[in-house]
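A.B. asks: Let me give you the structure first, and then I'll get to my questions.
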Amino acid sequence: MTRQLPLALAPRAGSHEREDLAVGPPNREALVWIDAWPDWPGSGLVVHGPEGSGKSHLASIWARRAGGGRIALDAPLDRLAGLSRPALLLEDADRALAAGAAAEAALFHAYNLVVQAGGTLLLTAREPASRWGVALADLRSRVQALPAAELKPPDDEMLAAVLAKLFADRQIPPDREIVHFIAARVERRLSTLGAVVEALDRAALAAGRGVTLPFVRQVLREKGLFD
């Protein structure tokens, strides 16, 4: 019998809710920090880790919890003045600061506004602040003094848990053999897992067949999704 996916039950693509977060050794320390807000020992936090380690998911959890607003260093920051205890989020801070002196000045301005208002700043990045290459000395000393939480690449247990959740969201029984087959072969990034499950789901619906291990092998090979 062909499986059908009712539109009303479509999965939440890329959901960043707290309950959708797989927790394990690679991200537990960072999550403890996020859950500890607003009781941070300072004006901010740096969460750093490689691509696909879950930085955006944690940042979204914090932004909802703190009522935080995302900022961009190439946009006017005047609207931040006068905010009562602002909670500000800058994702990919190391990339944003690579734009040069203007970006550094903008972050320094945002940092000062947050401190003056008794607010909080969350920065995410691929590298720790000591490796951002910040030229502005005052900014460099401030971001390097912030507490930091490191995200590790997802381990096998976390990859399997995320895959099982993604399959379940799409009403595909999360077969253990299939989950471990995929986890052992695809790129070890959480964002990649969503693309893999979506590709399998679409292919299965188009072919009118179930997601079996031979089918998984075929689809992943055809779409070049093996690592």
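The values are calculated or read from the model by the stated rules, or taken from the named source; none is laboratory data. Remember, predicted model here, so these are calculated numbers, not experimental data. Using ideal geometry, Cβ is built from the backbone for each residue, glycine included, and neighbour counts are taken over all protein chains shown.
A.B. asks: Does PRO38 satisfy being over 22 Å from ALA137 (Cβ atoms) and more than 22 Å from the chain's Cα centre (by Cα)?
C.D. replies: Numbers: over 22 Å from ALA137 (Cβ atoms): yes; more than 22 Å from the chain's Cα centre (by Cα): no.
Considered against the rule, which asks whether it is over 22 Å from ALA137 (Cβ atoms) and more than 22 Å from the chain's Cα centre (by Cα), PRO38 comes out as no.
Here's the yes/no breakdown for (1) among the polar types (S, T, N, Q); (2) modelled with pLDDT under 75; (3) in contact with a helix residue (DSSP H, G or I) (Cβ under 7 Å, 6 or more places away or on another chain); (4) outside any loop (DSSP other than H, G, I, E, B):
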residue	(1), (2), (3), (4)
THR2	yes, yes, no, no
ALA8	no, yes, no, yes
GLY14	no, yes, yes, no
ALA22	no, no, yes, no
PRO25	no, no, no, no
VAL32	no, no, no, yes
ASP39	no, no, no, no
LEU89	no, no, yes, yes
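A.B. asks: Given the criterion surrounded by fewer than 16 Cβ atoms within 10 Å (Cβ to Cβ), basic (Lys, Arg), assigned by TED's automatic domain parsing to the domain that holds GLY42 and at pLDDT 95 or above, identify the matching residue among ARG131, ARG140. Let's see the steps before the verdict.
C.D. replies: Numbers: ARG140 fails: surrounded by fewer than 16 Cβ atoms within 10 Å (Cβ to Cβ).
The unique qualifying residue is ARG131.
A.B. asks: For the stretch 138-147, check the following and say yes or no: at least one residue is within 30 Å of GLY194 (Cα to Cα) and out of contact with any strand residue (DSSP E or B) (no Cβ under 6 Å at 6 or more places or on another chain). Walk me through how you get there before you give the answer.
C.D. replies: Restricting attention to the stretch 138-147, the residues satisfying the condition of being within 30 Å of GLY194 (Cα to Cα) are none.
No, the stretch 138-147 contains no residue that is within 30 Å of GLY194 (Cα to Cα) and out of contact with any strand residue (DSSP E or B) (no Cβ under 6 Å at 6 or more places or on another chain).
A.B. asks: Pick out the one residue from SER84, SER53 that is outside the structural domain of ARG170 (by TED's automatic domain parsing), modelled with pLDDT under 90, in contact with a Lys or Arg (Cβ under 9 Å, 6 or more places away or on another chain) and hydroxyl-bearing (Ser, Thr, Tyr). Spell out the reasoning first.
C.D. replies: On the way: SER84 fails: in contact with a Lys or Arg (Cβ under 9 Å, 6 or more places away or on another chain).
Being outside the structural domain of ARG170 (by TED's automatic domain parsing), modelled with pLDDT under 90, in contact with a Lys or Arg (Cβ under 9 Å, 6 or more places away or on another chain) and hydroxyl-bearing (Ser, Thr, Tyr) holds for just one of SER84, SER53, which is SER53.
A.B. asks: Being out of contact with any His (no Cβ under 8 Å at 6 or more places or on another chain), in the same structural domain as ALA195 (by TED's automatic domain parsing), closer than 26 Å to PRO25 by Cβ and not in a loop (DSSP other than H, G, I, E, B): is that true of LEU58 here?
C.D. replies: On the way: out of contact with any His (no Cβ under 8 Å at 6 or more places or on another chain): yes; in the same structural domain as ALA195 (by TED's automatic domain parsing): no; closer than 26 Å to PRO25 by Cβ: yes; not in a loop (DSSP other than H, G, I, E, B): yes.
So LEU58 fails the test.
A.B. asks: Identify all residues within the stretch 36-54 that are without any contact (Cβ under 8 Å) to a residue 24 or more places away in the chain and not charged (D, E, K, R); write none if there are none. Spell out the reasoning first.
C.D. replies: Pass one, the stretch 36-54, residues without any contact (Cβ under 8 Å) to a residue 24 or more places away in the chain: 36, 39.
If the condition is that a residue be without any contact (Cβ under 8 Å) to a residue 24 or more places away in the chain and not charged (D, E, K, R), then ALA36 is the only one that fits.
A.B. asks: May I ask you to verify whether GLY52 is under 29 Å from ALA160 (Cβ atoms), assigned to a loop (DSSP other than H, G, I, E, B) and over 13 Å from the mean Cα position of the chain (by Cα)? So that I can check it myself, show each step before the final result.
C.D. replies: Working: under 29 Å from ALA160 (Cβ atoms): yes; assigned to a loop (DSSP other than H, G, I, E, B): yes; over 13 Å from the mean Cα position of the chain (by Cα): no.
For GLY52, the condition - under 29 Å from ALA160 (Cβ atoms), assigned to a loop (DSSP other than H, G, I, E, B) and over 13 Å from the mean Cα position of the chain (by Cα) - is not met.
A.B. asks: Let me ask something additional. For LYS165, all conditions in the list (1) outside the structural domain of GLY210 (by TED's automatic domain parsing); (2) of a type in the set (Lys, Arg); (3) in contact (Cβ under 8 Å) with a residue 40 or more places away in the chain hold save one; what is the number of the exception?
C.D. replies: With (1) outside the structural domain of GLY210 (by TED's automatic domain parsing); (2) of a type in the set (Lys, Arg); (3) in contact (Cβ under 8 Å) with a residue 40 or more places away in the chain applied to LYS165, the lone miss is (1).
A.B. asks: Right, PHE215: modelled with pLDDT of 90 or more, closer than 24 Å to LEU58 by Cα and either assigned to a helix (DSSP H, G or I) or not charged (D, E, K, R) (or both) or not?
C.D. replies: Values: modelled with pLDDT of 90 or more: yes; closer than 24 Å to LEU58 by Cα: no; either assigned to a helix (DSSP H, G or I) or not charged (D, E, K, R) (or both): yes.
For PHE215, the condition - modelled with pLDDT of 90 or more, closer than 24 Å to LEU58 by Cα and either assigned to a helix (DSSP H, G or I) or not charged (D, E, K, R) (or both) - is not met.
A.B. asks: Which condition number does ALA168 fail, the rest of (1) under 22 Å from the mean Cα position of the chain (by Cα); (2) surrounded by 15 or more Cβ atoms within 10 Å (Cβ to Cβ); (3) modelled with pLDDT under 95 being met?
C.D. replies: The single condition ALA168 does not satisfy is (2).
A.B. asks: Can you tell me which residue is farthest from the chain's Cα centre (by Cα) among those in the stretch 173-196 that are surrounded by fewer than 20 Cβ atoms within 10 Å (Cβ to Cβ) and in contact (Cβ under 8 Å) with a residue 60 or more places away in the chain?
C.D. replies: My answer is GLU187.
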